[in-house]
1. Residue check: is S193 more than 30 Å from K89 (Cα to Cα), open to solvent by 60 Å² or more (accessible area, probe 1.4 Å) and at pLDDT 95 or above?
2. Please determine, by comparing only the residues of the stretch 161-205 that are out of contact with any strand residue (DSSP E or B) (no Cβ under 9 Å at 6 or more places or on another chain) and of a type in the set (A, V, I, L, M, F, W, C), which one is farthest from K227 (Cα to Cα).
3. So which residues in the stretch 138-155 are among the polar types (S, T, N, Q) and under 26 Å from the mean Cα position of the chain (by Cα), if there are any at all?
4. Quick one: which residue in E149, E191 is touching a helix residue (DSSP H, G or I) at 6+ places or on another chain (Cβ under 9 Å) and part of a helix (DSSP H, G or I)?
5. Can you name the residue in the stretch 108-142 that is open to solvent by 40 Å² or more (accessible area, probe 1.4 Å), without any contact (Cβ under 8 Å) to a residue 40 or more places away in the chain and assigned to a helix (DSSP H, G or I) and, of all such residues, is nearest to K227 (Cα to Cα)?
6. Open to solvent by less than 50 Å² (accessible area, probe 1.4 Å), assigned to a helix (DSSP H, G or I), within 30 Å of G121 (Cβ to Cβ) and of a type in the set (A, V, I, L, M, F, W, C), is that true of L184?
7. Inspect the stretch 158-165 for any residue being among the charged types (D, E, K, R) and in a helix (DSSP H, G or I) and give the result as yes or no.
8. Looking only at the stretch 220-233, filter to residues that are open to solvent by 40 Å² or more (accessible area, probe 1.4 Å) and touching a residue at least 60 places away in the same chain (Cβ under 8 Å); which one of those is nearest to the chain's Cα centre (by Cα)?
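The values are calculated or read from the model by the stated rules, or taken from the named source; none is laboratory data. It should be emphasised that the depicted structure is a prediction, and the values quoted were computed from it without experimental measurement. Here the Cβ positions follow ideal geometry from the backbone for every residue, glycine too, while neighbour counts run over all protein chains shown. To get the accessible areas, we keep the full protein, side chains included, count just its heavy atoms, and leave off ligands, DNA and RNA. Shrake-Rupley method; radii C 1.70, N 1.55, O 1.52, S 1.80 Å.
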Amino acid sequence: MPVINPIPSIYSDFRPIKNVYCDTSANNSSSKIFINRPSITQKEFWDTGTTLATTLTGLGGSALAYFSSNPKVTNPEFKKLSALENSLKKDFQQKLSKVEAVFDRLYSVFLDPITLEKTYGQKCLFPNCIMIESKESSVNRYLINWIKEKTACNYETVDIFKDDIVNQLEKAEEIFKKNRTRTLLHVPNLEDSINPALSKPHIIATMKDIMSWCATDYHSTLIFSTKDSSKLDYIAIQPHRVTIITPEFDSAFIGSMESTKNNLDKLSKELKTILKNTPRKTFAVLSFIVFGAVGSILYKNIKEKIMKGDKNASYF
């Protein structure tokens with residue numbers, strides 16, 4: 001058989017395609033070409049293995065550097081502060097759950113309807129008045145200020161004995177006609193105006209009238225507080241006029257909760273500072289580079305030995 005020169009190949013240095021034989025004998029009606037293809041070479045085996053080993057070693061080294069530099073593992077101070085933070089979080093959540101019961105009530109009766117009406121145009125029922133009842137004035141102020149900060153409506157304060165409340169309500173209605181924004185009207189001394197011991201019957205009657213229709217006729221809600229609702233005119237604070245919110249916590253509880261929250265914020269900043277000052281990503285990147293460089297050197301070493309025909313080639 002005539003022999004055709006070997007076919008060039010990208011593997012010609014390590015795995016040349018073996019001789020190609022062409023059968024052109026007379027006994028054959030058609031020419032046949034036979035190509036003897038060898039199995040995978042040592043070079044290809046080490047090419048794949050070395051690349052894979054180098055990559056995995058680099059990734060493993062960078063991961064090890066990243067996690068071993070975790071301050072949660074290596075920094076005793078971080079561990080201590082983290083444990084304290086978890087304890088304070090648990091304490092704060094327990095306290096907050098007690099306050100959230102009141103917050104949820106305020107959301108359901110006033111804040112959520114405000115959002116639904118203004119944002120989505122839904123028709124909602126609004127309380128004519130909201131009364132916060134606590135034996136401590138500081139708690140009453142705390143909740144009134146809270147709802148003031150949370151609400152998306154207009155907020156005004158009026159003195160029932162010095163200002164014309166009807167005039168104020170008319171202004172509130174004008175605001176609603178312009179931009180469909182309701183008004184929350186804080187009346188600090190409203191409780192005095194419906195206290196039979198402090199106000200005359202005709203004043204109480206007038207206030208009961210106003211408290212009956214301010215939400216529908218003037219798109220406004222009056223908010224006030226009292227230490228003892230038993231002193232107020234019983235008819236004046238009926239459910240169709242007044243929604244009563246009764247918090248089950250005192251000022252000391254609020255102070256304790258705010259103190260816990262401040263301590264949590266402080267701890268959180270300290271922990272973030274520790275994390276920021278721990279160059280974990282830098283360690284990981286440097287580690288990957290180092291392992292990659294070592295892998296590259298080893299790869300070059302083994303490749304050169306294979307090219308020289310060293311059957312016992314190894315990394316070292």
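1. It is false that S193 is more than 30 Å from K89 (Cα to Cα), open to solvent by 60 Å² or more (accessible area, probe 1.4 Å) and at pLDDT 95 or above.
2. The residue in question is V166.
3. Quick first cut of the stretch 138-155, residues among the polar types (S, T, N, Q) only: 138, 140, 145, 151, 154.
Matches in the stretch 138-155: N145, T151.
4. Residue meeting the stated conditions: E191.
5. S108
6. no
7. For the stretch 158-165, residues among the charged types (D, E, K, R) and in a helix (DSSP H, G or I): absent.
8. Narrowing the stretch 220-233 to residues open to solvent by 40 Å² or more (accessible area, probe 1.4 Å): 227-228, 230-231.
Cutting the leftovers down to touching a residue at least 60 places away in the same chain (Cβ under 8 Å) gives us 227-228.
On the way: K227: 38, D228: 41 Å.
The qualifying residue nearest to the chain's Cα centre (by Cα) is K227.
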